[in-house]
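The structure appears below as structure tokens.
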Amino acid sequence: MTQALPTQLCDQLPKTGKTHTFDRLVCKECGAEYPPAATHVCEYCFGPLEVGYNYDEIRRRVTRQTIEAGPNSIWRYREFLPVETDTPIDVGTGMTPLVKSNRLARRLGLKNLYIKNDAVNMPTLSFKDRVVSVALTRAKELGFTTVSCASTGNLANSTAAIAAYAGLDCCVFIPSDLEAGKVLGTLIYDPTLMAVEGNYDQVNRLCCEVANTHGWGFVNINLRPYYSEGSKTLGYEVIEQLGWQLPDHIVAPLASGSLYTKIYKGFEEFVKVGLVEPKDVRFSGAQAEGCSPIAKAFQEGKDFVIPVKPNTIAKSIAIGNPADGIYALEIAKKTGGNIESVTDAEIIEGMKLLAETEGIFTETAGGTTIAVLKKLVEAGKIDPDETTVVYITGNGLKTQEAVQGYVGEPLTIAANLESFEQALERSKTLERLEWKQVLV
Ligand SMILES: *Cc1c(COP(=O)(O)O)cnc(C)c1O
């Protein structure tokens, strides 16, 4: 399984961006440039690397019409994504519904609330399918035959599934205490699954060592610059689905902070190439109190993030040492947004609220985001008239443990009419009793 190391692959890369719209990696801190290889850290200042594009070329190639005529997936935005091939891995990822909220909006007192529903993203029901579709397409281009990741759950599902589709070997790493749905939802694709006795940050540290020794394509380590670009499509799609307009305010969950910062980059790019009119968009972020290093830094007005040990039911966003934390802080500050945290009890309430009002069963990360949305509204930090988009990033069927015991029970009955009528009567009685309790 051992193969050429990423540094060796570097020399085999095409040197110009003639047939594609990206041609380099750029250090976010010092601006040093590198060829677009499997590398993610600046050799001079250790800053993170990001893909650099030729926006003049993109502007020449892309219009609203060319995008609308493209595939019904993230690949309709392929000129904005860091791949060279004309046949990217397309498993139907992206173009998830943007739902105009009625009942949740009314409950919260908002008039223009939209839900971007990645709980139904393909193929594994979370936004991670976006980043993995891009990362594995690039991994194949760079010559990798084995792909891997350090995951809080959804990334493992997505990497294993899309690797299976693409015919890549796959070995993924998760903390050993994940929800059953996340573990089973990885194993079904038959990867090698390493359940590490430790938290995500320990898993990630181990994976950095493995990436150095095995020459595998780690989607969120040595392929991170490509991987993270996939999240920009959450920005593009919202603009297109709002009828080629920017919203006024977005609320998104933060784990490493990557998704949040890339929605920002997506908005910026569409303005830059003239696809949408510029407008100030406020960026608000959501964390679980049991793992809220970015929210804490924001509340305390700091421009750095102090790592924490995660302890929350929102495992998919439990990253104690967030790689893009400082960039998320910058964006929240400069756009006039807020980064808030909520308790595990509020997260469960958030999951139930979204399900009861909109028919969307989201996982704990979505519960966190809805609970923060509610908190921001109650604190007067969201204007009722603003066009607000809340990003729901994962599916509730994967984190059933979180709501076990917090939802009703089925009424088990005999297979006859009498038994049904009795049960119905009982259920009504119960309902009336509950109603009286609310009244007193
Ligand atoms: C991974 C994940 C996030 C956030 O990821 P970032 O590391 O901040 O990009 C949000 N929601 C869900 C469901 C996730 O799996």
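Structure above, values below:
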| read-out | value |
| --- | --- |
| Proximal lysines relative to residue 116, as straight alpha-carbon distance under 16 Å, when same-chain residues fewer than 8 apart are discounted | 100, 128, 232, 262 |
| Surface share of carbon and sulfur [accessible, 1.4 angstrom probe, percent] for the chain | 52 percent |
| Backbone HN-Hα couplings from phi across segment 116-128 [Karplus 6.51/-1.76/1.60, Hz, Gly and Pro as x] | 8, 9, 7, 5, 10, 5, 10, x, 10, 6, 8, 5, 4 |
| Under 19 Å from residue 381, Cα to Cα: lysines that are on another chain or at least 8 residues apart | 111, 279, 296, 333, 334 |
| Sparsely packed GluC sites (Glu not before Pro) within segment 121-201, loop by DSSP, other Cβ within 10 Å at most 13 | 197 |
| Solvent-accessible heavy-atom area per residue, rounded to whole Å², over segment 96-255 at 1.4 Å | 31 Å² |
| Relative contact order of the chain, defined on C-alpha pairs under 8 angstrom at six or more residues apart (%) | 15 percent |
| Three-way shape call for segment 126-227 based on the alpha-carbon gyration tensor, with the a/c threshold at 1.5 | oblate |
| Peptide ranges 186-193, 120-127, 407-414 listed from the most packed, as the mean C-beta count within 10 angstrom indicates | 120-127, 186-193, 407-414 |
| Rotationally averaged projected area of the chain (alpha carbon convex hull; nm²) | 23.3 nm² |
| Accessible area in the full protein assembly, largest first, 1.4 Å probe, for 60, 426 | 60, 426 |
| Surface accessible to a 1.4 Å probe, residue 170 within the full protein complex, Å² | 20 Å² |
| Degrees separating the helix 154-166 axis from the principal Cα axis of the chain, which is the longest one | 60 degrees |
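The values are calculated or read from the model by the stated rules, or taken from the named source; none is laboratory data. Remember, predicted model here, so these are calculated numbers, not experimental data. Note that we place each Cβ from the backbone using ideal geometry, even for glycine, and neighbour counts take in every protein chain shown. Heads up: the accessible areas ignore ligands, DNA and RNA and are worked out on the full protein's heavy atoms, side chains in. Shrake-Rupley method; radii C 1.70, N 1.55, O 1.52, S 1.80 Å.
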